[in-house]
Protein chains: 2
Amino acid sequence: MNIGQAAKRSGVSAKMIRYYESIGLVPSADRLESGYRDYAEDDVHRLVFVRRARDLGFSIPRIQDLLELWGNTGRSNGEVRALAASHVSELEAQARKITGMIGTLRGLMTSCERAGHRAHCPIMDELADHHRPPPVRPKAKARTVAGRQENDTRGAGSETVGKSGREVVGR
Amino acid sequence: MNIGQAAKRSGVSAKMIRYYESIGLVPSADRLESGYRDYAEDDVHRLVFVRRARDLGFSIPRIQDLLELWGNTGRSNGEVRALAASHVSELEAQARKITGMIGTLRGLMTSCERAGHRAHCPIMDELADHHRPPPVRPKAKARTVAGRQENDTRGAGSETVGKSGREVVGR
DNA sequence: CCTAGGCCTTCCCATCATTGGAAGGTCAAG
DNA sequence: CTTGACCTTCCAATGATGGGAAGGCCTAGG
């Protein structure tokens with residue numbers, strides 16, 4: 001079957017299949033005389049294996065380890081478990097980081113609500129470390145920040161502060 | 001002060017300061033005659049603001065919004081809260097994804113332990129969807145998968161696998 | 001047989017935030 | 001004046017993925 005079929009059956013996009021082949025994660029597919037890649041059932045199984053491992057958050061180098069273990073019916077069990085365990089602790093570290101952020105933000109949001117809409121937002125105070133906003137807000141751009149920006153044209157910059165037109169990146 | 005000092009004081013690397021300037025997140029720094037960037041206290045405060053926002057996981061476009069709100073002492077409170085709330089739900093989605101993976105993996109690991117070291121590892125069975133490992137294991141490397149490679153050791157199977165003369169993509 | 005259009009091929013570019021390095025200019029101390 | 005630490009700009013790479021161009025292949029319908 002060709003790469004499109006293999007992609008549909010495995011749930012891995014054709015782009016990714018070619019990429020995995022290029023980095024050596026999966027073996028180079030056979031080629032038809034036309035140059036088309038030709039996949040067999042086993043190749044699809046391997047791709048499914050890769051996809052599932054990715055769905056569980058394994059990085060590509062780790063998946064390579066897993067694939068090697070898979071082909072090695074002998075001493076798999078303990079090593080697989082070790083791999084999984086170390087992956088789990090990485091995931092836990094990530095989760096801790098995120099839940100830490102969530103906790104901080106929720107705390108700030110709560111005190112922000114209590115402050116009512118008239119006072120300074122404690123979120124801002126925290127971010128700013130209780131400093132006043134600097135008088136000059138971000139102005140000129142260059143490479144653009146994905147998704148926001150437009151013309152600007154801040155020309156000459158003799159003005160001290162662009163109170164006139166829009167300054168920055170308006171949306 | 002020069003960029004190195006500003007970096008030390010703000011906790012943002014000099015590289016990142018230049019990058020933030022290039023995308024317009026922070027205003028272009030003043031320059032000395034030598035061409036060196038020159039930073040004042042307010043610039044450092046702004047950089048601290050950016051760093052803290054990043055530590056809370058805000059993306060750069062969002063930080064841009066936050067900076068605008070910071071400079072806008074008027075209608076900050078509610079908008080800041082809204083921004084924070086939507087960020088929190090993004091974080092929660094990430095956390096759910098990760099804890100889901102952890103749950104799955106822990107379940108698999110447990111049944112793997114119960115299976116003892118003699119049987120097939122259920123983790124593998126699950127990844128492989130109960131298929132046998134394909135006879136041809138990953139072989140050639142091209143771009144290399146970060147961090148591993150060489151030493152390979154899979155000498156055993158010199159069985160005609162690579163029938164086609166074709167070889168690694170190369171480039 | 002010819003053609004349309006759908007699939008395939010390779011190659012390049014972009015993402016997102018960050019780091020690394022090269023080549024060269026500047027500054028301060030010895 | 002030299003040395004070494006710092007600065008400047010520019011380019012590249014990361015990890016995993018998607019987008020798209022330019023061109024080749026294949027198949028069905030006329």
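The values are calculated or read from the model by the stated rules, or taken from the named source; none is laboratory data. Keep in mind that this is a model prediction, so the values were computed, not measured. For neighbour counting, all protein chains shown are included, and Cβ atoms are generated from backbone atoms with ideal geometry for every residue, glycine included. Just the protein is used for accessible areas: all its heavy atoms, side chains included, with ligands, DNA and RNA removed. Shrake-Rupley method; radii C 1.70, N 1.55, O 1.52, S 1.80 Å.
Among the residues making up segment A:33-53, those that are more than 10 Å from DNA strand D (Cβ to nearest atom), more than 9 Å from every other protein chain (Cβ to nearest Cβ) and not hydrophobic (A, V, I, L, M, F, W, C) are A:ARG37, A:ASP38, A:TYR39.
Note on segment A:56-73: among residues that are open to solvent by 40 Å² or more (accessible area, probe 1.4 Å) and either of a type outside the set (Gly, Ala, Ser) or farther than 18 Å from B:LEU108 by Cβ (or both), the one that is nearest to DNA strand C (Cβ to nearest atom) is A:ARG62.
Condition check ((1) β-branched (Val, Ile, Thr); (2) touching a residue at least 12 places away in the same chain (Cβ under 8 Å); (3) farther than 18 Å from B:PHE58 by Cα) across all residues:
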{"position": "A:ASP65", "(1), (2), (3)": "no, yes, yes"}
{"position": "A:TRP70", "(1), (2), (3)": "no, yes, yes"}
{"position": "A:ASN77", "(1), (2), (3)": "no, no, yes"}
{"position": "A:ARG81", "(1), (2), (3)": "no, no, yes"}
{"position": "A:ALA84", "(1), (2), (3)": "no, no, yes"}
{"position": "A:GLU92", "(1), (2), (3)": "no, no, yes"}
{"position": "A:THR99", "(1), (2), (3)": "yes, no, no"}
{"position": "A:ILE102", "(1), (2), (3)": "yes, no, no"}
{"position": "A:SER111", "(1), (2), (3)": "no, no, yes"}
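Please determine, by comparing only the residues of segment A:54-68 that are outside any helix (DSSP H, G or I) and within 7 Å of chain B (Cβ to nearest Cβ), which one is farthest from DNA strand D (Cβ to nearest atom). Checking each candidate, the answer is A:LEU56. Of the residues making up segment A:27-60, just one is within 27 Å of A:LEU91 (Cβ to Cβ) and polar (S, T, N, Q), namely A:SER59. Annotation: A:ILE23 fulfils all but one of (1) within 24 Å of B:LEU105 (Cα to Cα); (2) within 16 Å of DNA strand D (Cβ to nearest atom); (3) aliphatic (A, V, I, L, M); the unmet one is (1). Would you be able to say whether some residue in segment A:9-26 is farther than 30 Å from B:ALA93 by Cβ, assigned to a helix (DSSP H, G or I), open to solvent by less than 40 Å² (accessible area, probe 1.4 Å) and more than 7 Å from chain B (Cβ to nearest Cβ)? Yes - at least one qualifying residue is present in segment A:9-26. Annotation: B:ASP125 fulfils all but one of (1) more than 7 Å from chain A (Cβ to nearest Cβ); (2) modelled with pLDDT of 90 or more; (3) assigned to a helix (DSSP H, G or I); the unmet one is (2). Taking segment B:37-55 as the range and being within 13 Å of DNA strand C (Cβ to nearest atom), among the basic types (Lys, Arg) and within 21 Å of A:ALA128 (Cβ to Cβ) as the test, the residues that pass are B:ARG51, B:ARG52, B:ARG54.
Limited to segment B:19-31, what total is found for residues that are out of contact with any Ser or Thr (no Cβ under 8 Å at 6 or more places or on another chain) and either of a type in the set (S, T, N, Q) or more than 8 Å from DNA strand C (Cβ to nearest atom) (or both)? Residues meeting the conditions: 8.
Note on segment B:74-96: residues that are more than 7 Å from every other protein chain (Cβ to nearest Cβ) and exposed (fewer than 14 other Cβ atoms within 10 Å of the Cβ) amount to 7. Among the numbered conditions (1) hydroxyl-bearing (Ser, Thr, Tyr); (2) part of a loop (DSSP other than H, G, I, E, B); (3) more than 15 Å from DNA strand C (Cβ to nearest atom), tell me where A:SER34 comes up short. The number of the failed condition is (3).
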